[in-house]
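Taken together, the values in this text are just the output of simple stated rules run on the coordinates, not laboratory data. Everything numeric in this text was worked out from a predicted model, so none of it was measured. FYI the Cβ positions are ideal-geometry reconstructions off the backbone, even for glycines, and counts take in every protein chain you see.
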Ligand SMILES: Cc1cc2nc3c(=O)[nH]c(=O)nc-3n(C[C@H](O)[C@H](O)[C@H](O)COP(=O)(O)OP(=O)(O)OC[C@H]3O[C@@H](n4cnc5c(N)ncnc54)[C@H](O)[C@@H]3O)c2cc1C
């Protein structure tokens, strides 16, 4: 049985447990959210012992070499000593919280963060609750960081953001993480940006960043929602179409009547009809995890190279454990 050494605590990993389970059981507050290796908010570093490769999936080679691992994926074969005081959070100040649609708010934060548009940060609530949000802002263009948060009916973090955060309040961030961002290596390459709901946040960031860096190839942003009411920042995106001849913006909705710029249908079928062939494209996909998985597979089967598909699935945390009897 492997043992986890955390300061003066020495905790045995019980059968079937991950390091995250073990530490939480032992009373160690580890930020965590999706518990599926997507949000990386439970990333830790082993200062002694080797985490299994399966706990380092999605980390950069430099991080793997330094012993970083994701506690939620880690079922260790040997004892691990957790490095303390790593990845200290970055302080941020709330600039404002404003509605973008009936169930999406824009949170703007002032923070000294180096990032790329489209990456994501993990927001930490003072009680340790952690959730990841993608960056819609573009460094160098927008001073505050901009996040688009879908407010879930009983969402612990999203309700807190929408109802309790006010200008001037302090929060903490970790990150940035993720490789869903634009690089200017091939300025004439066609780009397809496709996503649902608040998946628009990283996609609009990537599109603006690419245009700002002088991308000359066609850029198409396809935003899917359940109904047309779920499309937000429509005016901003339509203005971008007017300003940049190589930028195109399409909307699709599952239900409702078609209108100019709005198709009715599932996002996979609309994307497939518009882009039957994706050889040579760079594709960015964000939002609902099921749609991201389906669109990623579809993009590959239609010719996009796997290493030219960049995706962030907005995996939510498992529901809180029911109170005991
Ligand atoms: C890499 C990454 C990037 C992300 N980026 C964004 C982003 O830019 N914007 C954003 O809004 N979110 C984003 N998310 C999701 C975000 O991290 C949170 O999971 C989300 O805000 C919900 O957190 P919460 O605490 O409000 O809800 P929780 O209290 O965690 O509740 C979530 C629960 O709600 C349930 N649920 C899920 N969908 C619904 C629904 N439609 N109606 C009712 N219940 C539902 C799920 O079962 C889940 O258990 C991202 C996630 C990841 C991993």
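For the range 1-89, state the semi-axes of the equivalent ellipsoid (square roots of 5 times the eigenvalues of the alpha-carbon gyration tensor), sorted largest first and rounded to whole angstrom. The partial results should precede the final answer.
Values: eigenvalues 59, 38, 36 Å².
So the equivalent ellipsoid measures 17, 14, 13 Å along its semi-axes.
What does the extension gain come out to for residue 236 and residue 216, with contour length at 0.36 nm per residue minus their alpha carbon separation?
Value of the extension gain: 5.2 nm.
Which order, highest average first, do 107-114, 19-26, 131-138 follow once you tally other Cβ atoms within 10 Å for each residue and take the mean per peptide? Present the calculation step by step, with values, prior to reporting the outcome.
Values: 107-114: 16.8, 19-26: 19.6, 131-138: 25.6.
Taking the mean over residues of other Cβ atoms within 10 Å, the ranking is 131-138, 19-26, 107-114.
Please work out the Cα center distance from the range 58-88 to the range 285-325, rounded to the nearest Å.
If we compute the Cα centre of each part, the gap is 23 Å.
What shape does the range 228-325 have by the C-alpha gyration tensor, where a ≥ b ≥ c are the square roots of the eigenvalues, rounded means a/c under 1.5, and otherwise prolate means a/b greater than b/c and oblate the rest?
Oblate.
From Cα coordinates alone, what are the radius of gyration and Dmax values for the range 133-176 in angstrom?
So, for the range 133-176, Rg and Dmax equal 11.8, 35 Å respectively.
Quick check on packing: order 208-217, 36-45 by the mean number of other C-beta atoms within 10 Å, highest mean leading. Can you show the working numbers first?
Working: 208-217: 17.5, 36-45: 23.1.
Listed from highest to lowest mean packing, they are 36-45, 208-217.
Fully extended, how many nm does the chain gain between residue 279 and residue 50 (0.36 nm per residue separation, minus their Cα-Cα distance)?
The span from residue 279 to residue 50 would gain 78.5 nm if fully extended.
If R₀ is 35 angstrom, what is the calculated FRET efficiency for the pair residue 169 and residue 321, using the beta carbon separation as r and rounding to 0.05?
Step by step, r from the Cβ atoms, then E = 0.75.
On C-alpha positions alone, give me the angle between the axis of helix 289-301 and the longest principal axis of the chain, in degrees, nearest 10.
60
Can you tell me the FRET efficiency between residue 57 and residue 257 if r is taken as the Cβ-Cβ distance and R0 is 51 Å, rounded to the nearest 0.05? List each step's numbers first, then the result.
Values: r = 44 Å, r/R0 = 0.85.
The pair residue 57/residue 257 has a calculated efficiency of 0.70.
Would you mind calculating the relative contact order of the range 102-256 from Cα pairs under 8 angstrom and at least 6 residues apart, reporting the percent as a whole number?
Relative contact order of the range 102-256: 23 percent.
How do 15, 281 rank when sorted from fewest to most other Cβ atoms within 10 Å of their own Cβ? It would help to have the intermediate numbers written out before the result.
Values: 15 6, 281 21.
Fewest-to-most ranking of 15, 281: 15, 281.
Would you please classify the overall shape of the range 163-317 from the alpha carbon gyration tensor, given that a ≥ b ≥ c denote the square roots of the eigenvalues, rounded means a/c under 1.5, and beyond that prolate means a/b larger than b/c while oblate covers the rest?
Details: a/c = 1.32, a/b = 1.16, b/c = 1.14.
Since a/c stays below 1.5, the shape of the range 163-317 is classed as rounded.
Hey, what angle do you get for helix 234-243 against the long axis of the chain, alpha-carbon based, 0 to 90 degrees rounded to 10?
60
Working out 0.36 nm times the residue gap between residue 79 and residue 293, then minus their Cα-Cα distance, what length gain in nm do you get to one decimal?
73.6 nm
Based on the alpha-carbon gyration tensor of the range 102-254 and its eigenvalue square roots a ≥ b ≥ c, which shape applies: rounded if a/c is under 1.5, prolate if not and a/b is larger than b/c, or oblate?
Oblate, since a/c reaches 1.5 and b/c is not below a/b.
Taking only Cα atoms, what is the 0 to 90° angle, nearest 10, from helix 200-212's long axis to the longest principal axis of the chain?
60
Compare 145, 59, 173 in a GNM of the chain, Cα atoms joined below 10 Å, and give the one with the largest fluctuation.
For the chain, modelled as a Gaussian network with Cα springs under 10 Å, the answer is 59.
With both bridge residues required to lie in the chain, what share of the DSSP beta bridges run antiparallel, to the nearest 5%?
55
Return the ratio Rg/(2.2 N^0.38 Å) for the chain, where Rg is computed over Cα atoms only. Let's see the in-between values first.
Numbers: Rg = 20.6 Å, N = 325, 2.2 N^0.38 = 19.8 Å.
Normalised by 2.2 N^0.38 Å, the Cα Rg of the chain equals 1.04.
Taking the beta-carbon count within 10 Å as an exposure proxy, list 264, 309, 82, 285 from fewest neighbours to most.
On the way: 264 15, 309 19, 82 23, 285 30.
By the 10 Å Cβ count, ascending: 264, 309, 82, 285.
Along the Cα-to-C-beta direction of residue 264, a point sits 7 Å from the Cα; which residues of the range 230-246 have their amide N less than 17 Å from that point?
The answer is 230-231.
Distance between the C-alpha centers of the range 1-33 and the range 122-137? Whole Å please.
When both Cα centres are located, 23 Å separates them.
Can you give me the C-alpha center-to-center distance between the range 196-266 and the range 146-193, rounded to a whole angstrom?
The range 196-266 and the range 146-193 have Cα centres separated by 17 Å.
Exposure proxy check: 81, 62, 196, 183 ranked by fewest other beta carbons within 10 Å?
If I rank by nearby Cβ atoms, fewest first, I get 62, 183, 81, 196.
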